[in-house]
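> Before I ask anything, here is the structure I am working with.
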């Protein structure tokens, strides 16, 4: 009987080792999605835009975009004339082509980005052949006082090509309960060459800390959208990223 128990114990240990090895080599669904999203899943994007009509189109050359991912693609549109932006979900019409409706105003530069959740697929600048950008200055007021809360964006001197830490700090809530939902962060540099969308987990915390890797020097526009106790809110800032030697202690 004792030998039998030892035999069963050894067999169980071997089975556990086999299962652990199999689980390590076979990632779950979430890990598989993360693995796919970490690669360059788009080879080429051709934008076909016009200020004369509102029917716009684009063609995506990709071997990894299946039907599920195609339905998640979105287009981010903003201009340097306003702090507003629009997010549109294009319609797939076959043969790698997508269409969407948007009225581009003539002679106004636009920055566009094609993205999946947390992954940028392509960026594009429209009607900015002569680099006709107006002077852009960083935000000097980083604290916003609202009727139902006060929000401050906290950070040190920002440098490119390193992981910088930033914090949204909330105080003076008008209600005892403060539930944050539907939180999304959008970051784009002013020349439109880089873009990132981040989804923030729902929380009841008064601080939201995040890390961002600014790819280059220059000014960046940051939008933070969220729902606080059922009310939609938006905060926006212009941040300057400047490489200076020994600027941090």
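The values are calculated or read from the model by the stated rules, or taken from the named source; none is laboratory data. Since we're looking at a predicted model, the values are computed, not measured. Methodologically, a virtual Cβ is constructed for each residue, glycine included, from the backbone with ideal geometry; neighbour enumeration extends over all protein chains shown.
> Among the residues of the stretch 56-85, which ones are surrounded by fewer than 11 Cβ atoms within 10 Å (Cβ to Cβ) and under 22 Å from residue 192 (Cα atoms)?
The answer is 82, and nothing else.
> Among the candidates 227, 211, which residue alone is outside the structural domain of residue 75 (by TED's automatic domain parsing), surrounded by 13 or more Cβ atoms within 10 Å (Cβ to Cβ) and in contact (Cβ under 8 Å) with a residue 40 or more places away in the chain? Please lay out each step first, then the result.
On the way: 211 fails: surrounded by 13 or more Cβ atoms within 10 Å (Cβ to Cβ).
Just one listed residue meets the conditions, 227.
> A further question on this structure: Going by the conditions given, is residue 154 out of contact with any helix residue (DSSP H, G or I) (no Cβ under 6 Å at 6 or more places or on another chain), surrounded by 13 or more Cβ atoms within 10 Å (Cβ to Cβ) and in the same structural domain as residue 195 (by TED's automatic domain parsing)? Spell out the reasoning first.
On the way: out of contact with any helix residue (DSSP H, G or I) (no Cβ under 6 Å at 6 or more places or on another chain): yes; surrounded by 13 or more Cβ atoms within 10 Å (Cβ to Cβ): yes; in the same structural domain as residue 195 (by TED's automatic domain parsing): yes.
Answer is yes for this residue.
> Of the conditions (1) exposed (fewer than 11 other Cβ atoms within 10 Å of the Cβ); (2) touching a residue at least 60 places away in the same chain (Cβ under 8 Å), residue 95 satisfies every one except a single condition; which number is it?
(2)
> Now, a different point. Within the stretch 190-202, identify whether any single residue is at positive phi and surrounded by fewer than 15 Cβ atoms within 10 Å (Cβ to Cβ), and answer yes or no.
No, the stretch 190-202 has no match at all.
> Could you please find all residues in the stretch 230-249 being in a strand (DSSP E or B), in contact (Cβ under 8 Å) with a residue 60 or more places away in the chain and under 27 Å from residue 122 (Cα atoms)?
If the condition is that a residue be in a strand (DSSP E or B), in contact (Cβ under 8 Å) with a residue 60 or more places away in the chain and under 27 Å from residue 122 (Cα atoms), then 235, 236, 237, 238, 239, 240, 241 are the ones that fit.
> Residue 125 passes all but one of (1) surrounded by 11 or more Cβ atoms within 10 Å (Cβ to Cβ); (2) over 20 Å from the mean Cα position of the chain (by Cα); (3) not in a loop (DSSP other than H, G, I, E, B); which number fails?
Exception for residue 125: condition (2).
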